[in-house]
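Here is the structure we will look at.
The values are calculated or read from the model by the stated rules, or taken from the named source; none is laboratory data. Everything numeric in this text was worked out from a predicted model, so none of it was measured. Here the Cβ positions follow ideal geometry from the backbone for every residue, glycine too, while neighbour counts run over all protein chains shown. These area figures cover heavy atoms from the full protein model, side chains too; ligands, DNA and RNA do not enter into them. Shrake-Rupley method; radii C 1.70, N 1.55, O 1.52, S 1.80 Å.
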Amino acid sequence: MKRFTIILLTIVLLVVISLSVFAADKPKIGLSFSDFTLERWVREAEEMTKLANNAGAEVIVQEANHDPKIQNDQIENMVLQGVDVIIIVAEDGAAAATAVDAASQAGVKCIAYDRLIKSPNASVYISFDNVEVGRAEARGVIAVKDRGKFALLGGSPTDNNATLVRKGQMEVLKPYIDSGQIEVVADQWVPNWDTTEALKIMENMLTATNNQIDAVVASNDSTALGAIEALRAQGLAGKVPISAQDATAAGCNAVAKGDLTVTVYKDIRLLVPLSIEIAVKLAKGEAVEGLQDFSLAELTGDANLKGSVPCRFLEVVGATKDNLYDVIVKSGYQSYDDVYKGVPEGDRPPKI
C-alpha cells in the first residue's frame with residue numbers, strides 16, 4: 001500500500017511539473033488596438049486571435065476607442081496580467097512610447113503593428129512600405145490628371161504613417177508643383193482618418209475654392225470616401241480623380257464604379273501572420289530574421305528622436321479600374337460581389 005501511494009504521488013508530481021512546463025511554454029500575447037471603427041482593424045484582430053490560438057498562445061484583446069491615455073492604461077494592465085508580448089496599433093505613436101518604455105522595463109516585448117511607435121524600446125516595427133503607398137496614390141491621380149488645382153487630404157496627424165505617405169506623395173507631386181503644372185489650393189490632415197471629418201473638410205475645401213478643384217490626393221479609403229460624398233453633392237464624383245489606400249470592400253467598389261481612381265492594396269493577409277509569427281518567437285526568446293534597423297529620425301523626419309527600431313516593410317500595389325479584378329478579386333482579397341456591387345453588367349468583367 002505504501003509503495004502504491006509513493007507511485008501515485010510520483011505520478012501526480014510529474015503531471016504537475018508537466019503542466020507547469022506547458023503553461024510556461026504557452027505564450028501570452030496582448031493585442032492593443034487604437035479603435036475598431038476602421039473595417040480592417042476588426043478583421044485583423046479576429047485573424048490575429050485565431051492564428052495565435054492555433055499557435056498555442058493565450059490572447060488578450062483591448063480597443064482604446066481613439067484615446068491614447070486609455071490605450072496606455074490598457075497596455076499597462078496587460079503587463080500586469082503577465083503577457084509576454086504586446087502587438088500594438090497605436091492611436092498616437094508618440095504617446096504610446098511611454099507605455100512601450102514601461103513595458104520594456106518590465107521585460108515585455110512590444111511590436112509596433114503597421115503604425116510606428118516613437119520609442120527605441122519597441123522590439124519590432126512591421127508595416128507596409130508607406131512611402132511607396134504615397135507614391136502609388138499620387139501616380140494614380142497623375143495618370144488621370146497631371147495639371148490643375150489639387151487638394152491634399154492627409155491622414156491622422158497622430159499617425160506617423162500619414163507622414164510617410166505624404167512623403168511619398170510629394171516625391172511624385174513636387175516636380176509638377178515646381179513647374180507650375182499643379183497648384184495645391186487646399187491641404188489638410190484628417191483626424192483619426194475619419195470619414196465624417198473628411199467629408200466636412202472636403203466640403204469646406206470646395207466652398208473655399210468655389211468648386212475649382214481638379215484632383216484630390218487623399219491618403220486612405222475612409223478619407224477618400226468622405227471626400228467623394230462631398231464631391232457627389234456638387235456633381236463632381238467620378239469627374240475629379242482621387243486616391244486612397246487599404247483596398248477595403250467599399251473602396252474597391254468605389255473604384256469599380258469610377259468614383260475612386262486608385263486604392264493601394266496592402267495585403268493584410270501577409271502582415272497578420274507575420275505579426276503572430278514574430279510575437280511567438282519573441283515570447284520564446286527566439287531570433288527574428290528578416291529585420292532591418294531604421295533610425296527613428298529617418299522614419300519620422302525628426303532629427304531630435306534618437307535610437308533605432310528593427311523593421312520589416314511589405315510591398316504594396318496600386319489597384320485601379322484596369323487591374324482591380326486581377327489584383328483584388330482573383331487574389332481572394334475581396335469578393336467579386338462586394339467589389340462590383342451596383343456596377344452594370346456591361347461595365348464589369350465576367351464572374352468566373
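Listing for the model above:
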{"quantity": "Test: residue in the range 227-241 that is closer than 30 Å to Y125 by Cα, charged (D, E, K, R) and not in a loop (DSSP other than H, G, I, E, B)", "calculated": "no"}
{"quantity": "Filter pass, N121 being outside any helix (DSSP H, G or I) and either under 18 Å from S34 (Cβ atoms) or of a type outside the set (A, V, I, L, M) (or both)", "calculated": "yes"}
{"quantity": "Matching entry among N160, N210 (being of a type outside the set (D, E) and surrounded by fewer than 22 Cβ atoms within 10 Å (Cβ to Cβ))", "calculated": "N210"}
{"quantity": "Selected residue (criterion: surrounded by the fewest Cβ atoms within 10 Å (Cβ to Cβ)) from residues of the range 75-95 that are in contact with a strand residue (DSSP E or B) (Cβ under 6 Å, 6 or more places away or on another chain) and part of a helix (DSSP H, G or I)", "calculated": "M78"}
{"quantity": "Any hit, the range 47-66, residues being open to solvent by 50 Å² or more (accessible area, probe 1.4 Å), more than 18 Å from V280 (Cβ to Cβ), of a type outside the set (A, V, I, L, M, F, W, C) and in contact with a strand residue (DSSP E or B) (Cβ under 6 Å, 6 or more places away or on another chain)", "calculated": "yes"}
{"quantity": "Among residues of the range 213-238, those that are open to solvent by less than 50 Å² (accessible area, probe 1.4 Å) and in contact with a strand residue (DSSP E or B) (Cβ under 7 Å, 6 or more places away or on another chain), counted", "calculated": "12"}
{"quantity": "Inter-residue pairs, beta-carbon under 6 Å, first closer than 30 Å to D338 by Cα and in the range 24-39, second at pLDDT below 95 and surrounded by fewer than 16 Cβ atoms within 10 Å (Cβ to Cβ), 6+ apart", "calculated": "F36/V42"}
{"quantity": "Candidates N192, N220 - the one that is touching a Phe, Trp or Tyr at 6+ places or on another chain (Cβ under 6 Å) and under 20 Å from A250 (Cα atoms)", "calculated": "N220"}
{"quantity": "Selection count where residues are within 15 Å of L153 (Cα to Cα) and open to solvent by less than 80 Å² (accessible area, probe 1.4 Å), scope the range 166-186", "calculated": "8"}
{"quantity": "Test set (1) touching a residue at least 24 places away in the same chain (Cβ under 8 Å); (2) in contact with a strand residue (DSSP E or B) (Cβ under 6 Å, 6 or more places away or on another chain) - D293 fails condition number", "calculated": "(1)"}
{"quantity": "Output for the range 303-316, where each listed residue is in a loop (DSSP other than H, G, I, E, B) and either open to solvent by less than 40 Å² (accessible area, probe 1.4 Å) or in contact (Cβ under 8 Å) with a residue 60 or more places away in the chain (or both)", "calculated": "L305, K306, G307, E315, V316"}
